[in-house]
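Peer 1: First the structure, then my questions, so here it is.
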Amino acid sequence: MVENRRYRNLLAYLILTIGIVIVAFPVYLAIMASTFDASTIINGNMPLVPGDQAADNYYRTLFIGGSASREPVGMMMFNSFVMAMGIAVGKILISVLSAFAVVYFRFPLRMTAFWIIFITLMLPVEVRIYPTYKIVADLGLLDTYTGLILPLIASATGTLLFRQFFMTIPDELLEASKIDGAGAFRFFKDTLIPLSITTIAALFVIQFIYGWNQYLWPLLITTQSSMQTIVIGIKKMITTQDALTEWNIAMTTAVLAMVPPVLVVIFMQRLFVKGLVETEK
Amino acid sequence: MAGVTLDTVRKVYTGNVEAVKGVSLGIEDGSFCVLVGPSGCGKSTLLRMIAGLETISGGTVKIGDRVVNQVEPADRDIAMVFQNYALYPHMSVYDNMAYGLKNRGTPKDEIAKRVNEAARILAIEPFLARKPRALSGGQRQRVAMGRAIVRKPQVFLFDEPLSNLDAKLRVQMRVEIKRLQRTLGVTSIYVTHDQVEAMTLSDKLVVMSGGQIEQVGTPSEVYRRPETRFVATFIGSPPMNILPGQVEGPGRVSVGGQSVAVTDMREGLTPGSAIEVGLRPEDVQAGAAGSSALTMNVDFVEELGATQLFHGKVAGSEFVVQASTGQIPADTRQLPLSIDPANVHLFDPQTTKRLGRT
């Protein structure tokens, strides 16, 4: 077995490398494409080494926008960021509070409330899109951040996650803090939240990326170009009718669209690990 | 400081399960009271009612002169040590101890003074900056006690605090708890199922069973003069032997046809009526010298080092005799027993109450 190990490792590395190349090559291609001018890409034989148009492309994409008088992508990124942040933070707030209520308080119809929340799992945005659109439109929330964020906050995933976590926290901790003079809110703030940091970080990453990648909902409720998100921006750049697609700008936008989720994952991963090491139930 | 008074305290859970059935008990200021009983006897429920963690279904709980039935746990002026310590995992040892004081709005320098003092008493000063997970079981136990001490409460409540420790540490912590309670002089109520802890710690021993108090007394009273058959078999290790017998006359019962003299026997019992005869394994002497003689058929011997336990049957019932090692040859098959009349306990087979002198 010992002499075989070397070849096994080699094989494992080979498979992993192939996998990485398959995943990473399109990304690499997009990054390369964002460093050339439009004509080089349109030619069809784009070099695989960086070109010299990077600064120009990124500057133009971020602050000016495409030639067909579109909004600057910097604006779209800001919109996407507000939406993703709003969804992630809002969802964490709502689900941590509702899980707290369901687990630690005895009130009439508690389990009914929990099951109603649970059932919403079966109703993703796409299923309830018409009634949701109607309500948002009637409330006058079209083309607003509130309209972008609010309907996507309401869902059960976070509540379930926190509920499961809270159930693993021993009752004695609650009782000890009762005796230590901490009321419900203090227990929540001083004990429950610090213990939930890992869960919160995990949910934040998932929800931020979920919000950032939203396509259908923003497409429906944003009509002004100043409210566009970056995902919609990319789509619009590619499907132009009366002009050539500016692939260099589209690819630059795509690269820019990848940056915030990647940053969130990298930053939160450290918190994950820290949380995993430090927390003890 | 204050005592604790319970007056017909009841706990009824939903579904009409009565966990505590009208317990009345007075615990004097500064004394160490141990509630002992098998699991499910209501001792923990009773403690949690005193702490305010369970609502009280009936009766009153008084701490000092104040009825606390409706008082929040934090305002009862108590401190509690839990079985699994219940330390806040994300706080340092210092913060764990300081948390209750902080919530009360105690000034910072006063908190520091009290925490440092408690840490000194408990010898946990080197660990103040650590998180609980970096501590051993015994150290966590000390932190849990420190958290109780810094509050300077009227009453300490202990809910089986030593059951998560290994045997050696348990003995050591038991001694420390006792010493600490003596030093601080705070009224303490301690729940355990371990009769050794119960005997060694308590000033006042309360034996519970089935949601009721079986007997209250000093450890030696409870050991010497158990009021019910339950107490007799629960306190003492190995447990008391119970043999069926008959009343012969004043001061005499018969067991398996043998007459046994009894000092502590109620007057006016009908001769010939059934009675239960209790004998502690350590009170029975081997050898035929005594006035009352029984014979045991030995089945096997357990070696405990300093002592040996002889297991067998007397008059058809299981019987255990404890003897110093070497006193009886280990291959003995027929063991004559002599019994001091003062060491015989009599119980009513129906009510299981003691039939001693009134």
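The values are calculated or read from the model by the stated rules, or taken from the named source; none is laboratory data. It should be emphasised that the depicted structure is a prediction, and the values quoted were computed from it without experimental measurement. Cβ placement follows ideal geometry from the backbone for every residue including glycine, while neighbour counts extend to all protein chains displayed. Side chains are part of the model used for accessible areas, which takes the heavy atoms of the whole protein and leaves out ligands, DNA and RNA. Shrake-Rupley method; radii C 1.70, N 1.55, O 1.52, S 1.80 Å.
Peer 1: Please name whichever of B:Ala232, A:Ile20, A:Met167 sits farthest to the positive end of the charge dipole of the protein assembly as shown, dipole taken about the Cα centre and charges placed at Cβ: Lys and Arg +1, Asp and Glu -1.
Peer 2: A:Ile20
Peer 1: Looking only at other chains, what is the average number of their beta-carbon atoms within 10 angstrom of each beta-carbon in A:98-104?
Peer 2: 0
Peer 1: Ignoring the sites themselves, what is the longest stretch of chain A with no GluC sites (Glu not before Pro) in a DSSP loop and at most 14 other beta-carbon atoms within 10 Å? Intermediate values should be presented prior to the final figure.
Peer 2: Details: sites that count: A:Glu126, A:Glu280.
Longest run free of exposed loop sites: A:127-279.
Peer 1: Compute for chains B and A the buried accessible surface, both sides summed, probe 1.4 Å, and express it in Å² to the nearest 100.
Peer 2: 1900
Peer 1: Please compute the contact order of the range A:1-127 in relative form: average sequence separation of alpha-carbon pairs under 8 Å and at least six residues apart, divided by the residue count, as a percent.
Peer 2: 11
Peer 1: Within the accessible area of the range B:259-357, what % is carbon and sulfur when the probe is 1.4 Å and the other protein chains stay in place?
Peer 2: So the carbon and sulfur contribution to the accessible surface is 52 percent.
Peer 1: In the range B:120-156, what residues drop by 30 Å² or more of accessible area when the other protein chains are put back, versus the chain on its own? Use 1.4 Å, and skip ligands and nucleic acids.
Peer 2: Residues losing area: B:Arg133, B:Arg151.
Peer 1: Have a look at A:Gly181, A:Gly90, A:Gly74 and tell me which one the Gaussian network model of chain A (Cα, springs below 10 Å) gives the largest fluctuation.
Peer 2: Of A:Gly181, A:Gly90, A:Gly74, the Gaussian network model singles out A:Gly181 as fluctuating most.
Peer 1: Please compute the length gained on full extension between A:Leu123 and A:Asn45, using 0.36 nm multiplied by the number of residues separating them and subtracting their Cα-Cα distance. Write down the numbers at each step before the final one.
Peer 2: Values: separation 78, 0.36 × 78 = 28.08 nm, distance 4.59 nm.
So the chain would gain 23.5 nm between A:Leu123 and A:Asn45.
Peer 1: Distance check, please: which entries in A:Lys91/B:Lys131; A:Lys178/B:Lys108; B:Lys11/B:Lys178; A:Lys189/B:Lys102; B:Lys313/B:Lys353; B:Lys43/B:Lys353 exceed 19 angstrom between their Cα atoms?
Peer 2: Values: A:Lys91/B:Lys131 31 Å; A:Lys178/B:Lys108 21 Å; B:Lys11/B:Lys178 30 Å; A:Lys189/B:Lys102 14 Å; B:Lys313/B:Lys353 24 Å; B:Lys43/B:Lys353 21 Å.
Long pairs (Cα-Cα over 19 Å): A:Lys91/B:Lys131; A:Lys178/B:Lys108; B:Lys11/B:Lys178; B:Lys313/B:Lys353; B:Lys43/B:Lys353.
Peer 1: Which listed residue (A:Ala99, A:Asn43, A:Gly86) has the Cα farthest towards the positive end of the charge dipole for the range A:35-116, taking +1 on Lys and Arg C-beta and -1 on Asp and Glu C-beta about the Cα centre?
Peer 2: So the residue we want is A:Ala99.
Peer 1: Just want the answer: with Cβ charges of +1 for Lys and Arg and -1 for Asp and Glu, which residue in A:Leu271, A:Val73, A:Tyr133 is farthest toward the dipole's positive end in chain A?
Peer 2: A:Leu271
Peer 1: Suppose all protein chains stay in the model; what accessible area per residue would a 1.4 Å probe give for the range A:1-121, in Å²? Walk me through the intermediate numbers first.
Peer 2: Details: 7730 Å² over 121 residues.
On a per-residue basis, the range A:1-121 sits at 64 Å².
Peer 1: Right, another one. Would you mind getting the accessible area per residue of the range B:4-231, heavy atoms of the protein chains only, 1.4 Å probe, in Å²? The partial results should precede the final answer.
Peer 2: Numbers: 9120 Å² over 228 residues.
The answer is 40 Å² per residue.
Peer 1: I've got another one for you. From largest accessible area down, sort A:Thr146, A:Thr40; use a 1.4 Å probe on the protein chains.
Peer 2: The most accessible residue leads, giving A:Thr146, A:Thr40.
Peer 1: How do B:304-311, B:197-204 rank on mean C-beta neighbours within 10 Å, highest first?
Peer 2: B:197-204, B:304-311
Peer 1: Let me ask something else. Highest mean first, how do B:14-22, B:136-144 rank when packing is the count of other Cβ atoms within 10 Å averaged over residues?
Peer 2: B:136-144, B:14-22
Peer 1: Another one. Given a 10 angstrom Cα cut-off, can you work out which residue in B:Phe158, B:Phe319, B:Phe300 is the most mobile in a GNM of chain B?
Peer 2: Residue with maximal mean-square fluctuation among B:Phe158, B:Phe319, B:Phe300: B:Phe300.
Peer 1: Moving on. Averaged over peptide B:92-103, how many Cβ atoms belonging to another chain are found within 10 Å of each residue's Cβ?
Peer 2: Whole-number average of other-chain Cβ neighbours for B:92-103 is 3.
Peer 1: Also: Report the charge-dipole magnitude of the protein assembly as shown in Debye, nearest 20, computed about the Cα centre from +1 at each Lys and Arg Cβ and -1 at each Asp and Glu Cβ.
Peer 2: I would put it at about 660 debye.
Peer 1: Okay, moving on. Net charge within 11 Å of B:Glu276 by Cβ-Cβ distance, Lys/Arg positive one each and Asp/Glu negative one each, not counting B:Glu276 itself?
Peer 2: +2
Peer 1: Separate question: Just the number, please: carbon plus sulfur as a percent of the accessible area of the range A:73-278, 1.4 Å probe, no ligands or DNA/RNA counted. Don't skip to the answer; put the middle values down first.
Peer 2: Numbers: 7260 of 9930 Å².
After summing per-atom areas, the C and S share lands at 73 percent.
Peer 1: How big is the dipole moment of chain A about its Cα centre under a simple scheme where the beta carbon of each Lys and Arg is +1, that of each Asp and Glu is -1, and everything else is neutral? Debye, nearest 20, please.
Peer 2: Dipole size: approximately 600 debye.
Peer 1: Quick one: dipole size for the range B:238-347, taken about the Cα centre, charges +1 on Lys/Arg Cβ and -1 on Asp/Glu Cβ, in debye to the nearest 20.
Peer 2: 240
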